[in-house]
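Let me begin by presenting the structure, written as C-alpha coordinates, before commenting on it.
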Amino acid sequence: MTKRERILVTGASGQIGTVLVQELRSIYGIDQVIESDIKHPGNSDGPFVGLDILNAQRLGEIVDDFEISQIYHLAAILSANGEWNPMKTWNVNLNGYLTILELAKEKRIDKIFYPSTIAVFGKTTPRSLTPQHTSMIPETIYGISKQSGELLSNYYHLRYGVDVRSLRYPGIIGYQSLPSGGTTDYAVEIFHHAIKDQAYTCFLAENTTLPMIYMPDAIRATIELMEAPSESIGVRTSYNLAGVSFSPSEIAAEIKKHIPEFTTVYEPDFRQKIAESWTESIDDRLAREQWGWQEQFDLARITEDMLFHLRGIL
Ligand code: NAD
Ligand code: SER
(Lines give C-alpha, C1' and ligand atoms only; values in the text may rest on other atoms or scores of the structure.)
(Ligands and ions follow the chains in the order given, each with its own letter.)
Protein backbone atom coordinates (compact mmCIF):
# COMPACT_ATOMS: atom_id res chain seq x y z
CA MET A 1 0.00 0.00 0.00
CA THR A 2 1.64 3.26 -1.06
CA LYS A 3 -0.99 5.69 0.24
CA ARG A 4 -3.57 5.78 3.00
CA GLU A 5 -6.87 4.65 1.50
CA ARG A 6 -10.23 6.14 2.47
CA ILE A 7 -12.97 3.74 1.42
CA LEU A 8 -16.71 4.36 1.00
CA VAL A 9 -19.01 1.31 0.99
CA THR A 10 -22.54 1.95 -0.33
CA GLY A 11 -25.32 -0.49 0.59
CA ALA A 12 -23.15 -1.31 3.61
CA SER A 13 -26.04 -2.50 5.80
CA GLY A 14 -26.86 -5.43 3.51
CA GLN A 15 -25.88 -9.10 3.43
CA ILE A 16 -22.44 -8.56 1.88
CA GLY A 17 -21.77 -5.04 3.17
CA THR A 18 -21.91 -5.93 6.86
CA VAL A 19 -19.20 -8.58 6.33
CA LEU A 20 -17.11 -6.71 3.77
CA VAL A 21 -16.90 -3.60 5.97
CA GLN A 22 -15.47 -5.66 8.87
CA GLU A 23 -12.84 -7.18 6.58
CA LEU A 24 -11.89 -3.84 5.01
CA ARG A 25 -11.63 -2.26 8.49
CA SER A 26 -9.31 -5.06 9.63
CA ILE A 27 -7.04 -4.26 6.66
CA TYR A 28 -7.23 -0.45 6.39
CA GLY A 29 -8.32 0.65 9.89
CA ILE A 30 -11.77 1.34 11.37
CA ASP A 31 -11.91 5.07 10.61
CA GLN A 32 -10.67 4.57 7.03
CA VAL A 33 -13.82 2.70 5.97
CA ILE A 34 -17.05 4.73 5.78
CA GLU A 35 -20.33 2.80 5.74
CA SER A 36 -23.33 4.28 3.92
CA ASP A 37 -26.88 3.09 3.31
CA ILE A 38 -30.49 4.27 3.46
CA LYS A 39 -30.79 1.87 6.42
CA HIS A 40 -28.64 2.06 9.60
CA PRO A 41 -26.44 -1.04 10.02
CA GLY A 42 -27.44 -1.51 13.67
CA ASN A 43 -24.18 -2.41 15.38
CA SER A 44 -21.62 -0.45 13.40
CA ASP A 45 -18.22 0.02 15.06
CA GLY A 46 -17.06 2.87 12.80
CA PRO A 47 -18.17 5.85 10.72
CA PHE A 48 -21.63 5.59 9.11
CA VAL A 49 -23.39 8.16 6.91
CA GLY A 50 -26.99 8.02 5.68
CA LEU A 51 -27.02 8.10 1.87
CA ASP A 52 -29.61 7.45 -0.80
CA ILE A 53 -27.47 6.50 -3.78
CA LEU A 54 -29.69 8.58 -6.07
CA ASN A 55 -28.69 11.77 -4.20
CA ALA A 56 -25.68 12.78 -6.31
CA GLN A 57 -25.08 16.00 -4.38
CA ARG A 58 -24.89 14.25 -1.00
CA LEU A 59 -22.65 11.56 -2.48
CA GLY A 60 -20.29 14.27 -3.77
CA GLU A 61 -20.20 15.95 -0.34
CA ILE A 62 -19.37 12.64 1.37
CA VAL A 63 -16.57 11.95 -1.12
CA ASP A 64 -15.12 15.44 -0.49
CA ASP A 65 -15.58 15.46 3.30
CA PHE A 66 -13.96 12.06 3.81
CA GLU A 67 -11.44 12.40 0.94
CA ILE A 68 -12.61 9.07 -0.48
CA SER A 69 -10.09 7.19 -2.65
CA GLN A 70 -12.06 3.96 -3.28
CA ILE A 71 -15.75 3.07 -3.50
CA TYR A 72 -17.28 -0.39 -3.08
CA HIS A 73 -20.72 0.20 -4.59
CA LEU A 74 -23.01 -2.48 -3.15
CA ALA A 75 -26.34 -0.59 -3.00
CA ALA A 76 -28.93 -2.34 -5.16
CA ILE A 77 -32.31 -4.05 -5.26
CA LEU A 78 -31.96 -7.79 -5.88
CA SER A 79 -33.64 -10.18 -8.31
CA ALA A 80 -36.85 -11.23 -6.55
CA ASN A 81 -37.61 -7.86 -4.91
CA GLY A 82 -36.79 -6.16 -8.22
CA GLU A 83 -39.75 -7.80 -9.92
CA TRP A 84 -42.17 -6.06 -7.49
CA ASN A 85 -41.03 -2.64 -8.69
CA PRO A 86 -39.07 -2.69 -11.97
CA MET A 87 -38.90 1.12 -12.39
CA LYS A 88 -37.47 1.66 -8.92
CA THR A 89 -35.03 -1.22 -9.45
CA TRP A 90 -33.76 0.25 -12.71
CA ASN A 91 -33.43 3.66 -11.08
CA VAL A 92 -31.51 2.48 -8.00
CA ASN A 93 -29.37 -0.13 -9.78
CA LEU A 94 -28.53 1.74 -12.97
CA ASN A 95 -28.94 5.46 -12.28
CA GLY A 96 -27.48 4.96 -8.79
CA TYR A 97 -24.40 3.39 -10.40
CA LEU A 98 -24.14 6.21 -12.94
CA THR A 99 -23.86 8.76 -10.11
CA ILE A 100 -20.88 6.75 -8.81
CA LEU A 101 -19.21 6.54 -12.22
CA GLU A 102 -19.70 10.24 -12.94
CA LEU A 103 -18.23 11.11 -9.58
CA ALA A 104 -15.28 8.76 -10.16
CA LYS A 105 -14.63 10.53 -13.46
CA GLU A 106 -14.90 14.06 -12.04
CA LYS A 107 -13.20 13.56 -8.70
CA ARG A 108 -10.62 11.05 -9.86
CA ILE A 109 -11.47 8.33 -7.37
CA ASP A 110 -8.70 5.73 -7.58
CA LYS A 111 -10.79 2.53 -7.73
CA ILE A 112 -14.42 1.43 -7.91
CA PHE A 113 -15.79 -2.03 -7.11
CA TYR A 114 -19.04 -2.97 -8.87
CA PRO A 115 -20.77 -6.24 -7.93
CA SER A 116 -22.45 -7.93 -10.86
CA THR A 117 -24.25 -11.26 -10.75
CA ILE A 118 -25.17 -14.53 -12.43
CA ALA A 119 -28.50 -12.80 -13.12
CA VAL A 120 -26.90 -11.16 -16.19
CA PHE A 121 -27.26 -14.53 -17.94
CA GLY A 122 -30.43 -15.73 -19.64
CA LYS A 123 -31.95 -18.65 -21.48
CA THR A 124 -29.73 -18.23 -24.55
CA THR A 125 -26.62 -18.57 -22.34
CA PRO A 126 -24.95 -22.03 -22.14
CA ARG A 127 -26.14 -23.39 -18.77
CA SER A 128 -23.13 -25.51 -17.91
CA LEU A 129 -19.67 -23.98 -17.42
CA THR A 130 -20.98 -20.64 -18.71
CA PRO A 131 -18.15 -18.90 -20.61
CA GLN A 132 -16.90 -15.40 -19.72
CA HIS A 133 -17.95 -14.00 -23.10
CA THR A 134 -21.30 -15.43 -24.18
CA SER A 135 -24.87 -14.67 -25.20
CA MET A 136 -26.67 -12.80 -22.40
CA ILE A 137 -30.37 -11.94 -22.55
CA PRO A 138 -31.42 -11.56 -18.90
CA GLU A 139 -35.13 -11.81 -18.12
CA THR A 140 -35.30 -9.92 -14.78
CA ILE A 141 -35.07 -6.16 -14.41
CA TYR A 142 -32.29 -6.84 -11.89
CA GLY A 143 -30.28 -8.79 -14.49
CA ILE A 144 -30.93 -6.17 -17.17
CA SER A 145 -29.82 -3.32 -14.87
CA LYS A 146 -26.72 -5.21 -13.72
CA GLN A 147 -25.71 -6.13 -17.27
CA SER A 148 -26.13 -2.49 -18.31
CA GLY A 149 -23.93 -1.59 -15.35
CA GLU A 150 -21.26 -3.98 -16.63
CA LEU A 151 -21.29 -2.21 -20.01
CA LEU A 152 -21.08 1.20 -18.33
CA SER A 153 -18.10 0.00 -16.27
CA ASN A 154 -16.29 -0.98 -19.45
CA TYR A 155 -17.24 2.30 -21.13
CA TYR A 156 -16.06 4.53 -18.27
CA HIS A 157 -12.82 2.58 -18.15
CA LEU A 158 -12.14 2.86 -21.89
CA ARG A 159 -13.39 6.43 -22.31
CA TYR A 160 -12.32 8.11 -19.04
CA GLY A 161 -9.77 5.72 -17.53
CA VAL A 162 -11.89 4.97 -14.45
CA ASP A 163 -10.31 1.97 -12.67
CA VAL A 164 -13.48 -0.05 -12.16
CA ARG A 165 -13.30 -3.72 -11.19
CA SER A 166 -16.18 -6.15 -11.03
CA LEU A 167 -17.21 -9.72 -10.22
CA ARG A 168 -20.29 -11.66 -11.30
CA TYR A 169 -21.06 -13.02 -7.84
CA PRO A 170 -22.90 -16.34 -7.62
CA GLY A 171 -25.51 -16.63 -4.81
CA ILE A 172 -23.74 -15.79 -1.56
CA ILE A 173 -24.05 -17.98 1.55
CA GLY A 174 -22.99 -16.70 4.97
CA TYR A 175 -23.89 -17.00 8.64
CA GLN A 176 -23.04 -13.40 9.57
CA SER A 177 -25.99 -11.69 7.85
CA LEU A 178 -29.31 -12.44 6.18
CA PRO A 179 -29.94 -12.11 2.43
CA SER A 180 -32.79 -9.89 1.28
CA GLY A 181 -34.97 -10.30 -1.76
CA GLY A 182 -32.82 -12.60 -3.90
CA THR A 183 -33.55 -15.87 -5.68
CA THR A 184 -30.60 -17.65 -4.04
CA ASP A 185 -31.74 -16.70 -0.50
CA TYR A 186 -33.00 -20.25 0.14
CA ALA A 187 -29.41 -21.46 0.52
CA VAL A 188 -29.03 -19.32 3.68
CA GLU A 189 -32.59 -19.74 4.99
CA ILE A 190 -32.30 -23.54 4.85
CA PHE A 191 -29.55 -23.53 7.51
CA HIS A 192 -31.54 -21.28 9.87
CA HIS A 193 -34.60 -23.53 9.59
CA ALA A 194 -32.55 -26.72 9.87
CA ILE A 195 -31.27 -25.58 13.27
CA LYS A 196 -34.45 -23.93 14.58
CA ASP A 197 -37.21 -26.24 13.21
CA GLN A 198 -35.40 -29.27 11.66
CA ALA A 199 -37.71 -28.60 8.66
CA TYR A 200 -37.68 -26.24 5.67
CA THR A 201 -40.15 -25.38 2.89
CA CYS A 202 -38.03 -24.44 -0.12
CA PHE A 203 -39.29 -21.90 -2.69
CA LEU A 204 -37.24 -23.54 -5.48
CA ALA A 205 -37.74 -27.02 -6.94
CA GLU A 206 -35.45 -29.73 -5.61
CA ASN A 207 -33.30 -30.17 -8.75
CA THR A 208 -32.69 -26.47 -9.51
CA THR A 209 -28.92 -26.21 -9.62
CA LEU A 210 -27.41 -22.73 -9.24
CA PRO A 211 -23.86 -21.37 -8.80
CA MET A 212 -23.16 -20.37 -5.18
CA ILE A 213 -20.19 -19.16 -3.15
CA TYR A 214 -19.35 -19.03 0.55
CA MET A 215 -19.03 -15.56 2.06
CA PRO A 216 -15.32 -15.81 3.03
CA ASP A 217 -14.48 -16.84 -0.57
CA ALA A 218 -16.60 -13.97 -1.98
CA ILE A 219 -15.00 -11.38 0.32
CA ARG A 220 -11.49 -12.67 -0.43
CA ALA A 221 -12.18 -12.62 -4.19
CA THR A 222 -13.39 -9.03 -3.92
CA ILE A 223 -10.35 -7.77 -2.04
CA GLU A 224 -7.89 -9.79 -4.13
CA LEU A 225 -9.39 -8.30 -7.29
CA MET A 226 -9.22 -4.78 -5.88
CA GLU A 227 -5.59 -5.25 -4.81
CA ALA A 228 -4.43 -6.84 -8.08
CA PRO A 229 -2.13 -4.71 -10.27
CA SER A 230 -4.15 -2.77 -12.83
CA GLU A 231 -2.29 -4.35 -15.75
CA SER A 232 -3.48 -7.83 -14.71
CA ILE A 233 -7.15 -6.81 -15.00
CA GLY A 234 -8.11 -7.85 -18.54
CA VAL A 235 -11.89 -7.77 -18.03
CA ARG A 236 -13.55 -4.42 -17.31
CA THR A 237 -17.15 -5.55 -17.75
CA SER A 238 -17.21 -8.15 -14.95
CA TYR A 239 -15.34 -11.38 -14.20
CA ASN A 240 -17.11 -14.74 -14.09
CA LEU A 241 -16.55 -16.15 -10.59
CA ALA A 242 -17.30 -19.71 -9.47
CA GLY A 243 -17.47 -21.26 -6.04
CA VAL A 244 -19.63 -24.36 -5.95
CA SER A 245 -22.84 -25.44 -7.76
CA PHE A 246 -25.63 -27.43 -6.10
CA SER A 247 -29.41 -27.92 -6.00
CA PRO A 248 -31.78 -27.64 -2.99
CA SER A 249 -31.90 -31.44 -2.65
CA GLU A 250 -28.09 -31.66 -2.61
CA ILE A 251 -27.70 -29.05 0.14
CA ALA A 252 -30.55 -30.68 2.10
CA ALA A 253 -28.77 -34.05 1.87
CA GLU A 254 -25.54 -32.47 3.12
CA ILE A 255 -27.35 -30.87 6.09
CA LYS A 256 -29.01 -34.23 6.87
CA LYS A 257 -25.54 -35.72 7.47
CA HIS A 258 -25.33 -33.39 10.51
CA ILE A 259 -29.05 -33.20 11.45
CA PRO A 260 -30.56 -36.61 10.50
CA GLU A 261 -34.13 -35.57 11.45
CA PHE A 262 -34.06 -32.60 8.99
CA THR A 263 -36.88 -32.68 6.39
CA THR A 264 -37.49 -30.51 3.32
CA VAL A 265 -40.64 -29.77 1.34
CA TYR A 266 -40.50 -28.11 -2.09
CA GLU A 267 -43.10 -25.47 -3.01
CA PRO A 268 -41.68 -23.48 -5.94
CA ASP A 269 -43.02 -19.91 -6.30
CA PHE A 270 -42.32 -17.07 -8.79
CA ARG A 271 -38.59 -17.31 -8.00
CA GLN A 272 -38.42 -20.72 -9.74
CA LYS A 273 -38.87 -19.06 -13.13
CA ILE A 274 -36.07 -16.61 -12.31
CA ALA A 275 -33.74 -19.43 -11.24
CA GLU A 276 -34.50 -21.39 -14.42
CA SER A 277 -33.43 -18.41 -16.52
CA TRP A 278 -29.95 -18.45 -14.95
CA THR A 279 -27.10 -20.92 -15.42
CA GLU A 280 -25.91 -23.93 -13.41
CA SER A 281 -22.15 -23.59 -13.32
CA ILE A 282 -19.57 -20.99 -14.29
CA ASP A 283 -16.27 -21.08 -16.20
CA ASP A 284 -14.06 -18.60 -14.32
CA ARG A 285 -10.76 -19.44 -15.99
CA LEU A 286 -9.95 -15.79 -16.73
CA ALA A 287 -10.21 -14.80 -13.05
CA ARG A 288 -7.91 -17.72 -12.18
CA GLU A 289 -5.38 -16.91 -14.89
CA GLN A 290 -5.33 -13.12 -14.62
CA TRP A 291 -5.33 -12.45 -10.88
CA GLY A 292 -5.02 -15.90 -9.28
CA TRP A 293 -8.58 -16.60 -8.09
CA GLN A 294 -9.04 -19.92 -6.26
CA GLU A 295 -12.06 -20.86 -4.12
CA GLN A 296 -11.54 -22.68 -0.80
CA PHE A 297 -15.03 -23.88 0.22
CA ASP A 298 -16.94 -26.81 -1.30
CA LEU A 299 -20.48 -27.82 -0.23
CA ALA A 300 -19.29 -30.09 2.60
CA ARG A 301 -17.08 -27.37 4.14
CA ILE A 302 -19.77 -24.69 3.71
CA THR A 303 -22.34 -26.88 5.47
CA GLU A 304 -20.02 -27.73 8.36
CA ASP A 305 -18.97 -24.10 8.85
CA MET A 306 -22.51 -22.67 8.56
CA LEU A 307 -23.92 -25.14 11.11
CA PHE A 308 -21.01 -24.59 13.50
CA HIS A 309 -21.40 -20.79 13.50
CA LEU A 310 -25.20 -20.64 13.41
CA ARG A 311 -25.49 -23.06 16.35
CA GLY A 312 -23.61 -20.45 18.39
CA ILE A 313 -25.84 -17.58 17.20
CA LEU A 314 -29.42 -18.90 16.92
P1 NAD B 1 -28.73 -6.49 0.19
O2 NAD B 1 -30.09 -6.32 -0.40
O3 NAD B 1 -28.58 -7.33 1.39
O4 NAD B 1 -28.10 -5.06 0.49
C5 NAD B 1 -28.26 -3.98 -0.38
C6 NAD B 1 -28.26 -2.72 0.46
O7 NAD B 1 -28.50 -1.62 -0.44
C8 NAD B 1 -29.36 -2.70 1.53
O9 NAD B 1 -28.80 -2.52 2.81
C10 NAD B 1 -30.26 -1.52 1.11
O11 NAD B 1 -30.75 -0.79 2.22
C12 NAD B 1 -29.29 -0.70 0.27
N13 NAD B 1 -30.01 0.18 -0.66
C14 NAD B 1 -31.09 -0.10 -1.41
N15 NAD B 1 -31.50 0.99 -2.08
C16 NAD B 1 -30.62 1.98 -1.76
C17 NAD B 1 -30.51 3.34 -2.13
N18 NAD B 1 -31.39 3.92 -2.95
N19 NAD B 1 -29.49 4.06 -1.62
C20 NAD B 1 -28.60 3.49 -0.76
N21 NAD B 1 -28.67 2.20 -0.35
C22 NAD B 1 -29.68 1.46 -0.85
O23 NAD B 1 -27.77 -6.99 -0.99
P24 NAD B 1 -26.42 -7.82 -0.88
O25 NAD B 1 -26.79 -9.24 -0.98
O26 NAD B 1 -25.60 -7.34 0.24
O27 NAD B 1 -25.77 -7.42 -2.27
C28 NAD B 1 -24.82 -6.39 -2.41
C29 NAD B 1 -24.48 -6.26 -3.88
O30 NAD B 1 -23.99 -7.50 -4.37
C31 NAD B 1 -25.67 -5.89 -4.74
O32 NAD B 1 -25.25 -4.94 -5.69
C33 NAD B 1 -26.06 -7.19 -5.41
O34 NAD B 1 -26.59 -6.97 -6.67
C35 NAD B 1 -24.73 -7.91 -5.49
N36 NAD B 1 -24.90 -9.35 -5.50
C37 NAD B 1 -25.32 -10.02 -4.39
C38 NAD B 1 -25.46 -11.41 -4.42
C39 NAD B 1 -25.91 -12.20 -3.22
O40 NAD B 1 -26.13 -13.40 -3.33
N41 NAD B 1 -26.06 -11.57 -2.06
C42 NAD B 1 -25.17 -12.10 -5.60
C43 NAD B 1 -24.79 -11.39 -6.72
C44 NAD B 1 -24.62 -10.01 -6.65
N1 SER C 1 -28.22 -13.70 -5.11
C2 SER C 1 -28.69 -12.75 -6.04
C3 SER C 1 -30.17 -12.88 -6.22
O4 SER C 1 -30.66 -13.97 -6.03
C5 SER C 1 -28.02 -12.93 -7.37
O6 SER C 1 -27.53 -11.72 -7.75
O7 SER C 1 -30.80 -11.93 -6.58
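The values are calculated or read from the model by the stated rules, or taken from the named source; none is laboratory data. Everything quoted here is computed from the prediction, not taken from an experiment. Please note: Cβ atoms are built from the backbone with ideal geometry, for glycine as well, and neighbour counts cover all protein chains shown. Ligands, DNA and RNA are excluded from the accessible area calculation, which covers all protein heavy atoms including side chains. Shrake-Rupley method; radii C 1.70, N 1.55, O 1.52, S 1.80 Å.
In the set (1) more than 14 Å from ligand 2 (Cβ to nearest atom); (2) open to solvent by less than 30 Å² (accessible area, probe 1.4 Å); (3) modelled with pLDDT of 95 or more, GLY50 fails one condition alone, (2). Checked against (1) crowded, with 16+ Cβ neighbours inside 10 Å; (2) away from ligand 1 (no atom under 14 Å from the Cβ); (3) at pLDDT below 95, PRO41 passes all but condition (2).
Applying the set (1) open to solvent by 10 Å² or more (accessible area, probe 1.4 Å); (2) among the hydroxyl-bearing types (Ser, Thr, Tyr); (3) more than 21 Å from TYR114 (Cβ to Cβ); (4) under 18 Å from the mean Cα position of the chain (by Cα) to THR201 leaves exactly one unmet item: (4). Criterion applied to ILE30, ILE68 was being of a type outside the set (Phe, Trp, Tyr), touching a strand residue (DSSP E or B) at 6+ places or on another chain (Cβ under 7 Å) and either within 16 Å of ligand 2 (Cβ to nearest atom) or open to solvent by 10 Å² or more (accessible area, probe 1.4 Å) (or both), and the one residue passing it is ILE68. Out of the residues in region 53-110 that are touching a helix residue (DSSP H, G or I) at 6+ places or on another chain (Cβ under 7 Å) and of a type in the set (Lys, Arg), state the one that is modelled with the highest pLDDT. Per the stated criteria, the residue is LYS105.
Candidates are the residues of region 105-135 that are in contact with a Lys or Arg (Cβ under 8 Å, 6 or more places away or on another chain) and within 14 Å of ILE282 (Cβ to Cβ); the one that is farthest from ligand 2 (Cβ to nearest atom) is GLN132.
Pairs linking a residue in region 75-89 that is basic (Lys, Arg) to a residue that is within 11 Å of ligand 2 (Cβ to nearest atom), with Cβ atoms under 6 Å and 6 or more positions apart or on different chains, do not occur. Can PRO86 be described as away from ligand 2 (no atom under 15 Å from the Cβ) and open to solvent by 20 Å² or more (accessible area, probe 1.4 Å)? Taking the combined requirement at face value, the residue does not satisfy it. Filtering region 170-216 down to residues that are in a loop (DSSP other than H, G, I, E, B) and hydrophobic (A, V, I, L, M, F, W, C), which residue is farthest from LYS257 (Cα to Cα)? Residue satisfying both the conditions and the ranking: LEU178. Here region 103-148 is the region considered, the condition is being more than 17 Å from SER166 (Cβ to Cβ) and within 13 Å of ligand 1 (Cβ to nearest atom), and the residue that is most open to solvent (accessible area, probe 1.4 Å) is ILE141. Annotation note: of GLU295, GLU304, GLU276, the sole residue that is out of contact with any Ser or Thr (no Cβ under 9 Å at 6 or more places or on another chain), at pLDDT 95 or above and open to solvent by 80 Å² or more (accessible area, probe 1.4 Å) is GLU304.
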